Amino acid sequence: MTGILGKKLGMTQVFDEKGVVTPVTVVEAGPCRVLQVKTQKSDGYDAVQLGFDEIKKKKKVNKPMTGHFKKPDLPPYRLLREFRSAELSVGDEVTVERFQKGDRIAVSGVSKGKGFQGVMKRHNYGGGPGSHGSMFNRAP
């Protein structure tokens, strides 16, 4: 199984031949770099660690991560993930060209954290009228 890391850029729409509109998500996928190869012998499972979104300023990387990136002599990356695959080696670049048209992919994402919120924001309630004699200002 292969994988690639990416970042959501936004949403747009695509029209097909019949004029039907389909909403699509625009994702910047890769390029990713292989930072570490884990083997059955050393780690107990086969996997590769990919890095995405290179960090330009070295001062933004803490000491443990600096040591992690120094070993393969690669620049630091903002996002690191493992994929169960053993066909790559350290330093290889993973791009979108690994996938063919029509391939089925599994996508997972991380939502924007908004902390501890009230019921209005958390459940997307619009509230009621706030004036003109209304008696329920903040009730859902």
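Data overview
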| item | result |
| --- | --- |
| Using a Förster distance of 35 Å, the FRET efficiency for Lys63-His123 (Cβ separation, nearest 0.05) | 0.25 |
| Built amide H within the under 5 Å cut-off of Lys38, gap 5+ | Ala47, Val48, Gln49 |
| Principal axis box of the stretch 1-122, alpha-carbon based, largest edge first, Å | 52, 42, 29 |
| Sequence-distant residues sharing a close amide H with Val94 (under 5 Å, placed H) | Cys32, Arg33, Val34 |
| Karplus-derived HN-Hα couplings along the stretch 108-113 (A = 6.51, B = -1.76, C = 1.60, θ = phi - 60°), whole Hz, x at Gly and Pro | 10, x, 10, 6, 6, x |
| Residues with amide H under 5 Å from that of Arg81, placed H, sequence gap 5 or more | Leu50 |
| Expected 222 nm ellipticity per residue - DSSP helices of 4 or more, -39500 (n - 2.57), all of the chain, to 500 | -2500 deg cm²/dmol |
| Gain on full stretching of the segment that runs from Lys38 to Val110 - 0.36 nm per residue minus C-alpha separation | 23.5 nm |
| Rounded to whole Å, sorted largest first: equivalent-ellipsoid semi-axes of the stretch 89-140, Cα gyration tensor | 49, 15, 8 |
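Values quoted throughout were computed directly from the atomic coordinates according to the rules given, and no laboratory measurement underlies them. Since we're looking at a predicted model, the values are computed, not measured. Here Cβ is always computed from backbone atoms with ideal geometry, including for glycine, and neighbour counts include all displayed protein chains.
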